[in-house]
Structure formats: structure tokens, C-alpha cells
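Coordinate-derived values only; no laboratory data. The shown structure was predicted, so the numbers you read here are calculated from the model rather than taken from an experiment. Using ideal geometry, Cβ is built from the backbone for each residue, glycine included, and neighbour counts are taken over all protein chains shown.
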Amino acid sequence: MALALLFAGQGAQKVGMGRSLRSASPAARALYAEADGILGWELSRISEEGPETELTETRVCQPALYVHGLATLAALREAGRLPADEPTAVLGLSLGELTACAAAGVFDFASGLRIVAERGRLMQEACAASAGAMAAVIGEERDRVAELCRDCGIEAANFNAPGQIIISGERERVAAAVEAGRARGMKRVLPLNVAGAYHSRLMEPAREAFARFLERETFSAPRCTLYTNTTGRAISDPAAIKSSLIRQIVSPVLWEDCVRAAVAEGATGLWELGPGGVLAGLARRTDKTWAVRSFAEFADLAA
């Protein structure tokens, strides 16, 4: 089986994540200990014990998901569930793209954690400095959602699966778009409980600061095929990967395109490494014939 590994994005976090991995897998436990030392605060404790309000903070949940994804990968390798020549491809939703980069060897675990922590910090600052919001549009085609966004002065932020698109922008404009969408016969336009307008122009301060931060970071070519959210296609040049991660902060996440590309280019199995099973659900929504699995806790490794 040619495996593509899928890594979770912000919103998948939940209190208790990583507890069984740390308890049963020495490899996972070592990564959590290393992360606590690098960050200077107890990521492991917050991941396991919460409180939920702290875990959901952007500055916390992004490193938490990054470490959880790579700890799951380490546990899979330790248990002999992942051959040395796998995966053939990696991809991640939003924040998960940085986890995918680490899995592909674009940067090492420690460097990636510092990058992710800074990304989360900057995005939280951008959220605090703006009045942003997001909403989900369910069951509509891309062109209708694009028209709604143009008319309301907001942006499409995530193309997650057929008929699942997230819109983002100023709070008042998103609220107006929700009403306008319903008035146009869109049956499900649902405001989301999020801290800000991710993947929109309101994140521009974070993008600018993140670009400066990444100037001193060294990236390597990925060891396997890596897909980027900004185009939905494979990417391999280290400079292009860096530019893509910077642009991704304010650009739409073309997640459906990424997954379709991975399958079209040879992936026969999609393994999600992250809590909640969100990406597995999106994959099944996209194509029910795909072979999809989800790994979040140690028990999943034996299933």
C-alpha cells in the first residue's frame, strides 16, 4: 500500500490528547518531554489535563497538534506499523502542513516546534487585534460561495470537501454573509465558534511577522511527496515550501484538492494522524471508495 499521511489542523484538539501515547510509547513520551523543554511550559500537561479554554488558545493548540501528530508517527514506527519506505506522501490541513513538513524531513522536530509556536503566537496576536469571524457553508458549489464572498467583502478560507467550505472575514461582514446566504436559499450557513478570521486578510500582520521569522530558518527538500494547501499540488523546492507556508496564513486552504491530488498520484491508503477523526471524515465525504484510517490514541495502533 502506498500511504499518504494526513495531519490535523487547528480545531481538532481535545483535552486528553496524547495521554495514551505518552503512557504506552517510549518514542512518543520522549517527544513530549523534548517539547516541554523547548517551549518552556508543560505542553504535555495541558494536552492531557486542559483546561479546554487554555488548550484551544491558538498559541497552545498549534504546538499541541504538531507534537501529537509526530508522536503518533513515532509510535507507529516504534510498533512496526509503518515500513521504512512509507509514507510515500504527506499533507496537512493548515497548521497540519507544518507537521507534514517535519514528517517529510523539511525541518527537524525541534526546529519545527519553534516555528509552529511562533506561528501560533503571531496568529493569536492577529486575532486579538482584529474583529474577525468564520462560518461554514454546507452543501453549496464553490462558485456560489465565491459569489457570496465577493458580494459581502469576505473570503473563502477552507475548501475542505465537496459541499463544505469555510468563509472568513470581519465579524459584521461574516454575519451579513450568513444572512445573505440564507436569503439566497443556502440551507446551511453556520457561524463558527473561533477566535478570529483565519486564512483571510485579517491575518496579514501575522503573515508579515512570520515571513521575517522564517528568514533565518533552513529548509531541506522533502524525503517524500509533500502537498501544499496554497495550490493543492505537490511541492519540493525548499524556498517554495517556505514561501507557501508564509502565504498559507492569508490564503485559502485547498484541502480537498490536496487529498485528491495525493490519490490521483498513487496514494492507495490515507492515514490520519491526529485527534477527532476530522480528516478521515472529510476524506470519506469526498470519496467513499478511498481506504481511510484514523490514528489518535495508542489503542488505534493495534486495530
*Pairs of Cα atoms under 8 Å, at least six residues apart: use those to get the relative contact order of the range 132-191, whole percent.*
45 percent
*What nm value, rounded to one decimal, do you get for the distance between residue 221 and residue 45 when each label is placed 7 Å out toward the C-beta?*
4.5 nm
*Can you give the Kirkwood hydrodynamic radius of the range 132-191 from its Cα pairs, in Å with one decimal?*
10.7 Å
*Percent RCO, i.e. relative contact order, over the chain, from Cα pairs under 8 Å lying at least 6 residues apart*: 24 percent
_Mean shadow area of the chain over all directions, Cα convex hull, nm²_ = 14.4 nm²
*Extension reserve of the residue 243-residue 171 stretch, reckoned as 0.36 nm per residue once the Cα distance is removed*: 23.1 nm
_Stretchable slack from residue 78 to residue 187, in nm (0.36 nm times residue separation minus alpha-carbon distance)_ = 34.6 nm
*asked:* I'd like to verify something in the chain: which complete DSSP H helices, judged by Cα projection on the helix axis, reach 24 Å or more and average at least -1.0 on the Kyte-Doolittle scale?
replied: 58-78, 109-128
*CD proxy at 222 nm, helix term only [per DSSP H run n ≥ 4: -39500 (n - 2.57); per residue of the chain; nearest 500]*: -14500 deg cm²/dmol
_For a quick check: sort 68, 199 by the number of other beta carbons within 10 angstrom, fewest at the front._
199, 68
*asked:* Please rank 73, 82, fewest neighbouring Cβ atoms within 10 Å first, as an exposure proxy.
replied: 82, 73
*Could you please rank 17, 186, placing first whichever residue has the fewest other Cβ atoms within 10 Å of its Cβ?*
186, 17
